[in-house]
Amino acid sequence: MKKPVVIAVVGSKSSGKTTTIEALTRELTKRGYKIAVAKHIPEPDFTIDKAGKDTWRFAQSGAKTIISVASNEIATIEKVKAKNFPLKEILQKCKGHDIVFLEGFRKFISRKKDIPKIVVVRAAKEISDAAKSFKPILAFTGPCSTENLNPKIPYVNVLKNPEKIADIVEKVVL
C-alpha cells in the first residue's frame with residue numbers, strides 16, 4: 001500500500017487553517033481522493049473525553065486505549081504523552097488514505113523539507129516570517145493576499161477558488 005502524501009496547513013490562530021482544509025477536502029474528495037486530517041490542539045488540558053462519560057471513566061480506571069462504537073462512527077481514544085508522540089506514529093494511523101492534511105503541528109514540521117506547506121496568513125508580516133520559517137511552501141492563502149509580495153509562491157483565495165488550491169495539491173500527489 002502506497003504511503004499517503006502529507007501536506008501541512010499552518011498559520012496563526014484563527015487565520016483560516018480549518019477553512020482551507022475544508023475547501024481542500026471537499027474539492028479533492030470530489031476528485032476521488034481519500035483524505036485524512038490530523039489536527040494539533042495546543043491547549044495543555046484539552047480532552048475530547050468528557051468527565052463522567054463512560055469512556056472517561058474507563059480511562060480514569062487505567063485503560064490506555066478506549067474504543068467507542070456508535071451507529072455512524074468509531075472513535076479511538078488513546079491515553080499517551082502526546083508531547084513525546086512522534087509524527088511518524090500519527091501518520092501511521094492514516095494508512096489507506098491518499099492525502100493527509102496536518103493542521104498546526106508548527107514546531108514538528110516547520111523545517112521538514114519532505115512535508116510541503118500551505119501557509120494561511122492574516123497580515124503582511126506573517127508572509128515574510130513564513131518564508132523564513134517554513135520550507136517548502138506550496139501556496140499562501142488566507143485573508144491577506146500575497147500576490148504582489150512573493151511572485152515565486154502562488155496565492156489562492158480558497159473561498160473563491162477552491163479548485164485552484166486543489167490543483168496545486170494534486171500536482172504534489174501525482
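The values are calculated or read from the model by the stated rules, or taken from the named source; none is laboratory data. Since the structure is predicted, the reported quantities are computational estimates derived from the model, not experimental observations. Neighbour counts run over all protein chains shown; Cβ positions are idealised from the backbone, glycine included. In case anyone asks, the SASA skips ligands and DNA or RNA and just uses the protein heavy atoms, side chains included. Shrake-Rupley method; radii C 1.70, N 1.55, O 1.52, S 1.80 Å.
Annotations
- Which numbered condition R57 misses (of (1) more than 30 Å from A139 (Cβ to Cβ); (2) at pLDDT 85 or above; (3) charged (D, E, K, R); (4) open to solvent by less than 60 Å² (accessible area, probe 1.4 Å)): (4)
- Test: L91 is within 25 Å of T19 (Cα to Cα), surrounded by 12 or more Cβ atoms within 10 Å (Cβ to Cβ), under 20 Å from the mean Cα position of the chain (by Cα) and touching a residue at least 60 places away in the same chain (Cβ under 8 Å): yes
- Note on the stretch 62-83: among residues that are within 20 Å of E43 (Cα to Cα) and open to solvent by 100 Å² or more (accessible area, probe 1.4 Å), the one that is nearest to the chain's Cα centre (by Cα) is K83.
- Sub-6 Å Cβ pairs linking a first residue in the stretch 120-137 that is assigned to a loop (DSSP other than H, G, I, E, B) to a second residue that is surrounded by fewer than 17 Cβ atoms within 10 Å (Cβ to Cβ) and at pLDDT below 85, at least 6 apart or interchain, are R122/P143; F134/S110, ordered by first then second residue.
- Pair list, Cβ < 6 Å and 6+ apart or interchain, from the stretch 1-13 residues that are on the phi < 0 side of the Ramachandran plot and of a type in the set (A, V, I, L, M, F, W, C) to residues that are surrounded by fewer than 21 Cβ atoms within 10 Å (Cβ to Cβ) and part of a strand (DSSP E or B): V9/E103
- Beta carbons closer than 8 Å, at least 6 apart along the sequence or on distinct chains, pair a first residue in the stretch 162-174 that is assigned to a helix (DSSP H, G or I) with a second that is among the small types (G, A, S) and surrounded by 14 or more Cβ atoms within 10 Å (Cβ to Cβ) for P162/A23; I165/A23; I165/A139; A166/A23; I168/A139.
- For the stretch 23-41, a residue qualifies if it is free of Cβ contacts under 8 Å to residues at least 12 places away in the same chain and within 17 Å of L159 (Cα to Cα), and the qualifying residues are T29, K30.
- Taking the stretch 1-112 as the region of interest, the strands (runs of 3 or more DSSP E) fully inside it that hold 2 or more residues being farther than 24 Å from L174 by Cβ and out of contact with any Pro (no Cβ under 7 Å at 6 or more places or on another chain) are 65-69, 74-78.
- For the stretch 98-132, filtering for residues that are more than 24 Å from N161 (Cα to Cα) and either open to solvent by less than 50 Å² (accessible area, probe 1.4 Å) or touching a His at 6+ places or on another chain (Cβ under 8 Å) (or both) leaves 5.
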